[in-house]
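Colleague: My structure is below; once you've seen it, I'll send some questions.
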Amino acid sequence: MPNPFDDPATEFCVLRNAEGQYSLWPTFRAVPAGWTQEGPVGTREVCSRWVDEHWTDMTPASLRTAQGDSGGAPSA
């Protein structure tokens, strides 16, 4: 069986965890614990493009919280 991540025919969904991190996941697999489906279902390209547009800060949520970042613009 080929790796589903390498198969262009695989349908993907976008997952997000509590840290605000995203992942592409084959739709034929159960969503792993700690992740929720968010965003489109479609080709790898469609899902990847969505992640690129929406995951603008790769800093994990726990680190942003520890640094006191409320999500706003940096203070001057």
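Read the figures in this text as sums done on the coordinates, not as results from a lab. Since this is a predicted model, take the numbers as computed values, not measurements. Cβ sites come from the backbone with ideal geometry, for glycine too, and all protein chains shown count toward neighbours.
Colleague: Suppose every Lys and Arg Cβ carries +1 and every Asp and Glu Cβ carries -1, with no other charges. What dipole size does the chain come out with about its Cα centre, to the nearest 20 debye? Before the final figure, lay out the partial values.
Modeller: Working: 5 positive and 10 negative charges, 33 e Å.
Charge dipole, the chain, about its Cα centre: 160 debye, nearest 20.
Colleague: Answer rounded, prolate or oblate for the chain, using the Cα gyration tensor with square roots of eigenvalues a ≥ b ≥ c: rounded when a/c is under 1.5, else prolate when a/b is larger than b/c, else oblate.
Modeller: Prolate, because a/c is 1.5 or more and a/b exceeds b/c.
Colleague: Report, to the nearest 10°, how far helix 44-54 tilts away from the longest principal axis of the Cα atoms in the chain, using its own Cα long axis and a range of 0 to 90°.
Modeller: Long axis of 44-54 versus the principal axis of the chain: about 10 degrees.
Colleague: In addition: Select from Thr43, Asn17, Thr59 the residue farthest towards the positive end of the dipole of the chain; place +1 on Cβ of Lys and Arg, -1 on Cβ of Asp and Glu, and compute about the Cα centre.
Modeller: Most positive-ward Cα: Asn17.
Colleague: Follow-up question, since we're still on this one. Given 0.36 nm per residue, what is the gain on full extension from Arg29 to Thr59 after removing their alpha carbon distance, in nm?
Modeller: 8.1 nm
Colleague: So the label point goes 7 Å from the Cα of Asn3 along Cα→C-beta, right? Which residues of the stretch 18-61 then have their backbone N under 13 Å from it?
Modeller: Inside the label zone: nothing.
Colleague: Between rounded, prolate and oblate, where does the stretch 13-55 land on the alpha carbon gyration tensor, with a ≥ b ≥ c its root eigenvalues, rounded for a/c under 1.5, else prolate if a/b exceeds b/c?
Modeller: Oblate.
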